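Asker: I am attaching a structure below and will ask some questions about it afterwards.
The values are calculated or read from the model by the stated rules, or taken from the named source; none is laboratory data. Note that this is a predicted model, so its numbers are computed, not measured. Ideal geometry is used to build each Cβ from the backbone, glycine not excepted, and the neighbour counts take in all protein chains shown.
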C-alpha cells in the first residue's frame, strides 16, 4: 500500500455544521501534503443547508454527497442511512484512513461502517465525557462508540487523554492535539467583515451590551427551554442589554421561543446564522448563554465569558479555567449569574481574562503529522 514514497488515501466524513467547522482545518492541512496524501471528502448531509454554508466558507467541495437529510429524521434513521451509504463508499474508495469528528450520529455510524470494512479510523475530538449517557443525548454514546472503534484518537486536551486511558484505550493510540475549532475560529475571526444591510444582524443596535443566546439541544426541549426563555425575559427587562437569539428551525425550539419571546422588547430573534455571521456576533458579545458544545470552546478564544445552559458538560476544562460557568436551565440561576456578570465589573474581568484551555490554532497540523507518522 505504501512504498518508499508515501501515498496515503484519507477519506474525511462530515455530516453537520459543527463537524464541517472543525474538520475544515484538517482537510486543508491534508491538502497541503498533496505529494503524500490523497484526501477525499464525503458529506452525509445529516444537516443540509447549514453544512453547505460552512463548506462554501472554507472552500471545500465534497467529492461524495450521500444527501441523507429528511424531514423529522430520527437518530436511528440517520444511523441506518449513514451505515448503508458508507458501506458502498468505503468499498469504492478503499481509503487507508477514515477521519471523523465529534459525537454526531454520522460519526458513530461512519466509524462502525469503517470497522466493518477493516478501514483504520481516526477520531478528531476524542475523549470528551460528561459521564451521563442521557446528557448530551445521543452524543455522549456516539462519541464513546467512535472512540473505541478508532485506531487513532485525537484528544483535544490532557483531560480527554486521561478519559481515554481510563477506558483502556492504548496510550499509543492517543495524540493530544488541541481542538480544531480554535484553528477554524481564529482564521475566520481574523478576516475583516461587516454585515450588510440585508443581513439579519442589521437589526441589532450598533452600541450597547449584547448577550448572545443559543439553546437548541434535545435536553432543553419542553420545560427547560421555557425556563430559559423566562430568564431571558427577565434579563431583557433590565433595559441595559440587547439579547440576540439565533433560533434553531426545529419546531421543538422555534415554536416555543417565538411564543415566549416573539414580542419581548430587548430580545431580537434571528434566523439560524452562517458561521461567519455567528463569529462576528460572538466577537461583539459581552456575554454568551449557550447549550452548545462548540461555543463553549470558541468563546474563550475571543475573551467572552460563557454561561452553559446545561446541567452537565463534557467540556469541564472551560469551567476549571474559569472561562465558563455551568448554570443549568433554571430561571433563577440563569438570571442571578448573568446579572452578577453584568453588574460586577471585577467578576466579569476575571472570566474575560482566563486562558482558553482548548488550543493554540495548530491542532490540524498535529493531526496530519500524526497520521503521516503512523502510516510510514
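Asker: Return yes or no: is residue 367 buried (at least 17 other Cβ atoms within 10 Å of the Cβ), part of a helix (DSSP H, G or I) and not assigned by TED's automatic domain parsing to the domain that holds residue 158?
Answerer: For residue 367, the condition - buried (at least 17 other Cβ atoms within 10 Å of the Cβ), part of a helix (DSSP H, G or I) and not assigned by TED's automatic domain parsing to the domain that holds residue 158 - is not met.
Asker: Just checking, does the range 112-134 include any residue being within 19 Å of residue 292 (Cβ to Cβ), surrounded by fewer than 18 Cβ atoms within 10 Å (Cβ to Cβ), touching a residue at least 12 places away in the same chain (Cβ under 8 Å) and touching a helix residue (DSSP H, G or I) at 6+ places or on another chain (Cβ under 9 Å)?
Answerer: Yes, the conditions are met somewhere in the range 112-134.
Asker: OK, next. When you go through (1) buried (at least 22 other Cβ atoms within 10 Å of the Cβ); (2) within 30 Å of residue 56 (Cβ to Cβ) one by one for residue 303, which number turns out not to apply?
Answerer: It is condition (1) that residue 303 fails.
Asker: Among the residues of the range 211-222, is any touching a residue at least 24 places away in the same chain (Cβ under 8 Å), over 23 Å from residue 326 (Cβ atoms) and loosely packed, with under 15 Cβ neighbours inside 10 Å?
Answerer: no
Asker: Provide a single number: the residues in the range 305-327 that are more than 20 Å from residue 127 (Cβ to Cβ) and in contact (Cβ under 8 Å) with a residue 60 or more places away in the chain.
Answerer: 2
Asker: Take residue 76 and decide whether it is without any contact (Cβ under 8 Å) to a residue 24 or more places away in the chain, over 27 Å from residue 369 (Cα atoms) and over 20 Å from the mean Cα position of the chain (by Cα).
Answerer: In short, yes.
Asker: With the range 138-230 as the region, which strands (runs of 3 or more DSSP E) entirely inside it contain at least 2 residues that are under 20 Å from residue 299 (Cβ atoms) and not assigned by TED's automatic domain parsing to the domain that holds residue 121?
Answerer: 209-214
Asker: Can you find a residue in the range 24-44 that is over 12 Å from residue 368 (Cα atoms), touching a helix residue (DSSP H, G or I) at 6+ places or on another chain (Cβ under 7 Å), touching a residue at least 12 places away in the same chain (Cβ under 8 Å) and surrounded by fewer than 22 Cβ atoms within 10 Å (Cβ to Cβ)?
Answerer: Yes, that holds for at least one residue.
Asker: To continue, here is another question. If I ask for residues that are in a loop (DSSP other than H, G, I, E, B), touching a strand residue (DSSP E or B) at 6+ places or on another chain (Cβ under 9 Å) and crowded, with 18+ Cβ neighbours inside 10 Å, which ones from the range 47-95 would you list?
Answerer: 60, 62, 66, 95
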